[in-house]
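To start, the structure itself, in structure tokens.
The values are calculated or read from the model by the stated rules, or taken from the named source; none is laboratory data. Note that the coordinates shown come from a computational prediction; the quantities given were computed from them, not determined experimentally. Here the Cβ positions follow ideal geometry from the backbone for every residue, glycine too, while neighbour counts run over all protein chains shown.
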Protein chains: 2
Amino acid sequence: MQLGINTVYAIGLLAAIVAFIYAVYLALWVKKQKNENKTIERIAGLIRDGAKTFMRKEYTVLAYFVAGAAVLIFLFLPKPLWAEGVDLNQNLTMTLAYIAGAIFSAVAGTIGIMVASLANARAAEAATHGIKPAFLIGFRGGAVMGLLVVGSCLLGVIGMLFITGNSSMLLGFSFGASSLALFAKAGGGIFTKTADVSADLAGKVELGIPEDDPRNPAVIADNVGDNVGDVAGMGADLFDSNIASMTAALVMAMALDGGKGKIGVLSMMVIVYAALGLISSIVGILTAKVTDKGGPTKALNNSTYVTTGVFLVLTALATLLFKGFEWRIWGASAVGLFVGVIIGLATNYFTDDNAPIVKKVAHASKTGPAFTILSGVSYGFMSVLPAMVGIAVSAMVAYKLCEPLGGPGYAMYGISMAAVGMLSIVGMIISNDAYGPIVDNARGLAEMGGLGEETIRVADELDSAGNTVKAVTKGFAIGAAGLTVISLLGAFMSEVNSALVELGRTAEQLIGFDVMNPNVFFGIMVGAAIPAVFSALLILGVDKNAQRMIAEIHRQFKEIKGLAEGKPGVEPEYNKCIDIATTGALKELIPAGLFAIISTLIVGFIGGVNAIGGFLLGNIISGLLLALFMSNAGGLWDNAKKYIESGNEGGKGSDAHKAGVIGDTVGDPFKDTAGPSINTQITVVSLVASLVATLFINFHLF
Amino acid sequence: MQLGINTVYAIGLLAAIVAFIYAVYLALWVKKQKNENKTIERIAGLIRDGAKTFMRKEYTVLAYFVAGAAVLIFLFLPKPLWAEGVDLNQNLTMTLAYIAGAIFSAVAGTIGIMVASLANARAAEAATHGIKPAFLIGFRGGAVMGLLVVGSCLLGVIGMLFITGNSSMLLGFSFGASSLALFAKAGGGIFTKTADVSADLAGKVELGIPEDDPRNPAVIADNVGDNVGDVAGMGADLFDSNIASMTAALVMAMALDGGKGKIGVLSMMVIVYAALGLISSIVGILTAKVTDKGGPTKALNNSTYVTTGVFLVLTALATLLFKGFEWRIWGASAVGLFVGVIIGLATNYFTDDNAPIVKKVAHASKTGPAFTILSGVSYGFMSVLPAMVGIAVSAMVAYKLCEPLGGPGYAMYGISMAAVGMLSIVGMIISNDAYGPIVDNARGLAEMGGLGEETIRVADELDSAGNTVKAVTKGFAIGAAGLTVISLLGAFMSEVNSALVELGRTAEQLIGFDVMNPNVFFGIMVGAAIPAVFSALLILGVDKNAQRMIAEIHRQFKEIKGLAEGKPGVEPEYNKCIDIATTGALKELIPAGLFAIISTLIVGFIGGVNAIGGFLLGNIISGLLLALFMSNAGGLWDNAKKYIESGNEGGKGSDAHKAGVIGDTVGDPFKDTAGPSINTQITVVSLVASLVATLFINFHLF
């Protein structure tokens, strides 16, 4: 069957609309659930307000940033306004595309967070009736986020293509989404860990009060953090990866399909696959439920496998049916998906408390915190191997599979389709991921609302499933980002070549980046240092901010009479802690973000496109390495602490436990602030490079 | 003036002989110094015996390894014995070159360690007379090692060239040195940190007895560790880097000079520069003394600056004098040296306790050990930037400087000469470095021998200078290794091209490694994961081994009556601890070393030379990143602890101090086991790749 572009748009649009309708249905379903406990509702309200405060402040700051970037884009991109043959319209479209990308990402995040903060109270209340109803509320609340994010990705990409018909504009759109994600993930990450670390250290360790105790002034901030860091941040991150992978694939597809303006069968394949991925996620979400035989972890995992299977079958059918859909490309995306699952399982091996590694770290903790750290760092380093090898293998297989279709261009397109394949189930992944903070909040509400031991136990079980699945989805997200940025490197080269052709310099066409070229090598070395410094700035941000918040907690316990003793009616000043977390997060994230973007520009204007090619490569390698290390080490320490807490190696209060808490505190900003933000940092840098490619060609020192 | 090859050999030989004579003079001078305190001599004898035990066991294990590798080399290299046109003589020469490299390295290390363990007791005794005489003994003891190592490097390289006239044989010689260094550094590193960590944790922290207390069963092992880890290990490491940098330069020089057998002016330049570097180090060593105005740190730094200056002047004179010595190449080596100094200073900024960073980490420790770790990790990450940028800039400048001489081949040769320049002062660096463990031992002996408060204070001052300088030399060593491995990448390409020409496949000649080539990319990703896993294996080795030793210390304190109370005549069983450290170190280092070598072979036989080119690049990038991070973070924690101990942030016994001790314990295997071993791992992998290049060309899967 011959596909027309309008049919493809229709398929994409249909999938997006179905997703939106289903999201609205789920949101209404969540809202309808019982929510009668006044205490819980009051606390949930506090959390909701805290989240709103943070989002409002964050978006205000980001609005300035976006406005500034928009002005620069208008002045310089795709061509400087004073350049020869500049088309004002193009610059305007690019600017609008950028703004649209930022807004799409912000809206999806905000709605998701609002639904999540409705779901938490309801899940807590449902937990009094057992695990099944509570699981469903938590999961469906998360699914709203998943469906909205993936639906708006698809809608945005189709809209951009339809309106502009130009893949460069997609880069602008993607950059809008990325620059928002960078700040949402990094800012949210600093917020959530500031609160978490401070609440734990000042509350659990120093004062000896339980987790989620309402006397702790940081407890609301901690729960707000789960929402702004994990729901909104992770959503923005995966929104960004998803858009970026589609953009990279489309940039290369359009170049192969016959130039920037032409949408041929390769481009159609990208959209159709993405639409089928969304449909598969919906099917997966529909099947998620806790059965009598399996717990919540099994339910989450099963629905992921269902999504994967459905995607493979649907895309195979499409490949069978539509003319020009090559099996080799289907193979590439299947390989991507397969490797994604492998990476997830490897992550699980290193971070799950039923696997041996967590037990080893817990055991080492008996000798003291230094050994908790040393063994965690070591296994974190080791955990890098399977993911890196997995990405290496999938890139190579996808390349070799698709090369026979017409040379290296097709081969690079094949890699981008492996990334699209890996990200096809992203709707499902986000749902699983957003489930975590909802049930984590529910656990907190159950405790603060005094719902009793049994309910807390149910909430604990739901929470623990969230943690396990979170480690896996995080590994998956990093793997997907890895393939995505590799294809962004391909997209960058494709953009550079288009620009060179436009400038009439066809003889110079790049065929790749030679490591032995001094500019490439220079870029590689500098690029490799960037993620390290970026992570350092974020971790120090958490560090500094937590010091401030701990001082505030100490002050409140000293100055507010009756607080420590838990006198009825005495309440800490929760807002002070939320304020500290918010202000600090915004203050600390700006330098990190600017550092990444400005170094890209410096390297590009020093060494030109070759240096930037190297810079991207160095950035990808060291970024993946550090992101995997930090995410996995963090997850490992978290679960080692929980493993000790559940009565092993001396249990709660033992020396091993104290060491475990220190490990967990170190791991918190690793896994929830720096690690996942590196993904976004790489994407942002890659997109900046592609956007500014023409300028780098024209102006560079060496 | 026209230089002949025999004149060049004569210059090199003369420099080596002068160095040997001076080393013998210094060794005899050290031996002549007063050594009358019986207690000290007895303990120093224990340390010497412990070192001998370790070296004997280590070399026995290594002899098996070297024998096995020699058989493989004989069978396969340069061509498999059953290949067409194989020359049995060549294979035999290569095997002997390999064995010679290993033996040279082992002999230099052993003599150095023996002199160092004579110097420690004498330095302790001299410390009763003040800082000046004690400094001189410590420094001259270290200088013996420095002179021996660099002299035998030069002698070995000249000998190989003279006997075989073939640069490939140099690769074999270099691989012999490297494979020994890998095990010496890694094995010594595991030994020293096992002992150090266990002595500290079980002694200082748990039992509350002072450092270097003779009641501690691990105290002798700790002092032995300083010798086998820092003196022998660091010596082998720099021996290896030095040989490798000369080898890489010579491989490329001979290819440019007209083929493998031809030694032209470019090759002569390498030898002359290396000889002048050695002469400069001798001048530097001659000038080292503590004046009334400056302390020992200043004395060490000044002599480094003297060496640098003398080297620049001498090489400028040579360039002026000798025909064909190009100023551009002199410029490249000057840039290398200059950047080396910059990297050293940057390292100093991040690790010196007079600079702000150490104070910040000490301050963060007040909030608990998690913040010690988090801030140390963050600043460790940041410290990567100046070194990476420095290496990037020096490689680019050297390339661009030398490219006009005749294209990319000359440009890569320029980079290798930057590495030779950076390593020119290596004699001085090793002297400074070996000074550290000698005075560290002297401090221990002063305490155990009861030489009194004032002597301990003097020894402390000498020790502290050693620590400061050690951090700088370590940064320097990593920087030098960075440039060396870049030039080894060039040497690898040069070898591949020679092999292709020999195989009659000139049309295939490599011009570089294109990142967009799927095999290269595959190699990069896998190569980047190797240093992480390698480090993890070493750190876990320390971790496991320390657990065993701590258990042994506990046992001794429980079972040996009167030990804890310090009853006269009761002595712990020092040898048990030495045994544990030795056996464990040898057991743990083998998997790490084999892992690195075997992964190189696997990647090469899967993806051919392109994959290996990428593999080396990935290895270099992630290796440098992790080595810099771990060395600097470790140095930072060490000094932060010392800063607290000197009375800041609450001083000894405060919570900040406890946190500082935990940071230091984490940092120990970072900075003294894993960090510096990565250097050697990269060199070994690069050399294996070059040696096996022909096999990879003929046999690979994809």
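Can A:I243 be described as surrounded by 24 or more Cβ atoms within 10 Å (Cβ to Cβ), within 22 Å of A:L423 (Cα to Cα) and modelled with pLDDT of 90 or more? Give the steps one after another, and end with the answer.
On the way: surrounded by 24 or more Cβ atoms within 10 Å (Cβ to Cβ): yes; within 22 Å of A:L423 (Cα to Cα): yes; modelled with pLDDT of 90 or more: yes.
It is true that A:I243 is surrounded by 24 or more Cβ atoms within 10 Å (Cβ to Cβ), within 22 Å of A:L423 (Cα to Cα) and modelled with pLDDT of 90 or more.
Only one of (1) closer than 22 Å to A:V361 by Cβ; (2) in contact with a Pro (Cβ under 8 Å, 6 or more places away or on another chain); (3) facing another protein chain (nearest Cβ under 7 Å) is not met by B:V542, so which one is it?
(3)
Quick check on the range B:564-583. Is at least one of its residues in a loop (DSSP other than H, G, I, E, B), on the phi < 0 side of the Ramachandran plot, buried (at least 20 other Cβ atoms within 10 Å of the Cβ) and away from every other protein chain (no Cβ under 11 Å)? Walk me through how you get there before you give the answer.
The first filter runs over the range B:564-583 and keeps only residues in a loop (DSSP other than H, G, I, E, B), leaving B:564-573.
The next check asks that each one be on the phi < 0 side of the Ramachandran plot; those that pass are B:564-565, B:567-568, B:570-573.
When the remaining residues are screened for being buried (at least 20 other Cβ atoms within 10 Å of the Cβ), the result is B:572.
So of that shortlist, the ones also away from every other protein chain (no Cβ under 11 Å) come out as B:572.
Within the range B:564-583 (the criterion being in a loop (DSSP other than H, G, I, E, B), on the phi < 0 side of the Ramachandran plot, buried (at least 20 other Cβ atoms within 10 Å of the Cβ) and away from every other protein chain (no Cβ under 11 Å)), the answer is yes, since at least one residue qualifies.
Among the listed residues A:A627, A:A656, which satisfies the condition of being under 14 Å from the mean Cα position of the chain (by Cα) and either assigned to a helix (DSSP H, G or I) or within 20 Å of A:I357 (Cα to Cα) (or both)? Steps first, please.
Values: A:A656 fails: under 14 Å from the mean Cα position of the chain (by Cα).
Residue meeting the stated conditions: A:A627.
All but one of (1) more than 23 Å from B:G675 (Cα to Cα); (2) touching a helix residue (DSSP H, G or I) at 6+ places or on another chain (Cβ under 8 Å) hold for A:L317; which doesn't?
(2)
What's the number of the condition A:I342 fails, among (1) closer than 30 Å to B:L538 by Cα; (2) within 9 Å of chain B (Cβ to nearest Cβ)?
Exception for A:I342: condition (2).
Which condition number does A:I598 fail, the rest of (1) among the hydrophobic types (A, V, I, L, M, F, W, C); (2) modelled with pLDDT of 90 or more; (3) buried (at least 18 other Cβ atoms within 10 Å of the Cβ) being met?
(3)
Quick check on the range A:440-457. Is at least one of its residues closer than 26 Å to A:G235 by Cβ, at pLDDT below 80, crowded, with 24+ Cβ neighbours inside 10 Å and out of contact with any Gly (no Cβ under 6 Å at 6 or more places or on another chain)?
No, the range A:440-457 contains no residue that is closer than 26 Å to A:G235 by Cβ, at pLDDT below 80, crowded, with 24+ Cβ neighbours inside 10 Å and out of contact with any Gly (no Cβ under 6 Å at 6 or more places or on another chain).
What pairs can you find where one residue is in the range B:105-131 and in contact (Cβ under 8 Å) with a residue 40 or more places away in the chain and surrounded by fewer than 24 Cβ atoms within 10 Å (Cβ to Cβ), the other is of a type in the set (A, V, I, L, M, F, W, C) and outside any helix (DSSP H, G or I), and their Cβ atoms are less than 6 Å apart, with a gap of 6+ or different chains?
B:T128/B:L451; B:I131/B:V290
For the range A:302-361, name all the residues that are in contact with a Phe, Trp or Tyr (Cβ under 7 Å, 6 or more places away or on another chain), touching a residue at least 40 places away in the same chain (Cβ under 8 Å) and under 30 Å from A:I373 (Cα atoms).
Within the range A:302-361, A:G340, A:I343, A:G344, A:F350, A:D353, A:I357, A:V358, A:K359, A:V361 meet the criteria.
Any residue at all in the range B:552-562 that is within 9 Å of chain A (Cβ to nearest Cβ), at negative phi and at pLDDT 85 or above?
If we filter the range B:552-562 for residues that are within 9 Å of chain A (Cβ to nearest Cβ), which is where we start, we get none.
The answer is no; no qualifying residue exists.
Which count do you get for residues in the range B:170-207 that are over 19 Å from B:C577 (Cα atoms) and surrounded by fewer than 24 Cβ atoms within 10 Å (Cβ to Cβ)? Give the steps one after another, and end with the answer.
To start, the set of residues in the range B:170-207 that are over 19 Å from B:C577 (Cα atoms) comprises B:170-185.
From what is left, the residues that are surrounded by fewer than 24 Cβ atoms within 10 Å (Cβ to Cβ) are none.
Summing the residues that are over 19 Å from B:C577 (Cα atoms) and surrounded by fewer than 24 Cβ atoms within 10 Å (Cβ to Cβ) in the range B:170-207 gives 0.
So which residues in the range A:603-645 are at the interface with another protein chain (Cβ under 9 Å from one of its Cβ atoms) and either without any contact (Cβ under 8 Å) to a residue 40 or more places away in the chain or on the phi > 0 side of the Ramachandran plot (or both)?
Those that are at the interface with another protein chain (Cβ under 9 Å from one of its Cβ atoms) and either without any contact (Cβ under 8 Å) to a residue 40 or more places away in the chain or on the phi > 0 side of the Ramachandran plot (or both): none in the range A:603-645.
Please give the number of the condition B:L401 fails out of (1) crowded, with 24+ Cβ neighbours inside 10 Å; (2) over 24 Å from B:A253 (Cα atoms).
(2)
Can you find a residue in the range B:492-507 that is closer than 20 Å to A:F522 by Cα and either within 12 Å of chain A (Cβ to nearest Cβ) or buried (at least 24 other Cβ atoms within 10 Å of the Cβ) (or both)? Quick ask: steps written out before the conclusion?
Step one: list which residues in the range B:492-507 are closer than 20 Å to A:F522 by Cα, which gives B:492-493.
Next, from what is left, pick out any that are either within 12 Å of chain A (Cβ to nearest Cβ) or buried (at least 24 other Cβ atoms within 10 Å of the Cβ) (or both): B:492-493.
Yes, because at least one residue in the range B:492-507 is closer than 20 Å to A:F522 by Cα and either within 12 Å of chain A (Cβ to nearest Cβ) or buried (at least 24 other Cβ atoms within 10 Å of the Cβ) (or both).
With respect to A:S167, is the statement that it is over 30 Å from A:M493 (Cβ atoms) and either surrounded by 24 or more Cβ atoms within 10 Å (Cβ to Cβ) or not charged (D, E, K, R) (or both) true? Can you show your working first?
Working: over 30 Å from A:M493 (Cβ atoms): no; either surrounded by 24 or more Cβ atoms within 10 Å (Cβ to Cβ) or not charged (D, E, K, R) (or both): yes.
No: the conditions fail for A:S167.
Restrict the check to the range A:211-219 and report whether at least one residue is within 14 Å of chain B (Cβ to nearest Cβ), surrounded by fewer than 24 Cβ atoms within 10 Å (Cβ to Cβ) and more than 24 Å from the chain's Cα centre (by Cα).
To start, the set of residues in the range A:211-219 that are within 14 Å of chain B (Cβ to nearest Cβ) comprises none.
For the range A:211-219, residues within 14 Å of chain B (Cβ to nearest Cβ), surrounded by fewer than 24 Cβ atoms within 10 Å (Cβ to Cβ) and more than 24 Å from the chain's Cα centre (by Cα): absent.
Could you list all residues from the range A:67-86 that are outside any loop (DSSP other than H, G, I, E, B), closer than 20 Å to A:L503 by Cα and without any contact (Cβ under 8 Å) to a residue 40 or more places away in the chain?
A:L75
Suppose we keep only residues that are of a type in the set (S, T, Y) and closer than 14 Å to B:V420 by Cβ within the range B:459-490. Which one would you say is surrounded by the most Cβ atoms within 10 Å (Cβ to Cβ)? It would help to see each step written out before you state the result.
As a first pass, look at the range B:459-490 and keep what is of a type in the set (S, T, Y): B:464, B:468, B:473, B:484, B:487.
From what is left, the residues that are closer than 14 Å to B:V420 by Cβ are B:484, B:487.
Values: B:T484: 33, B:S487: 30.
Ranking the qualifying residues of the range B:459-490, first place goes to B:T484.
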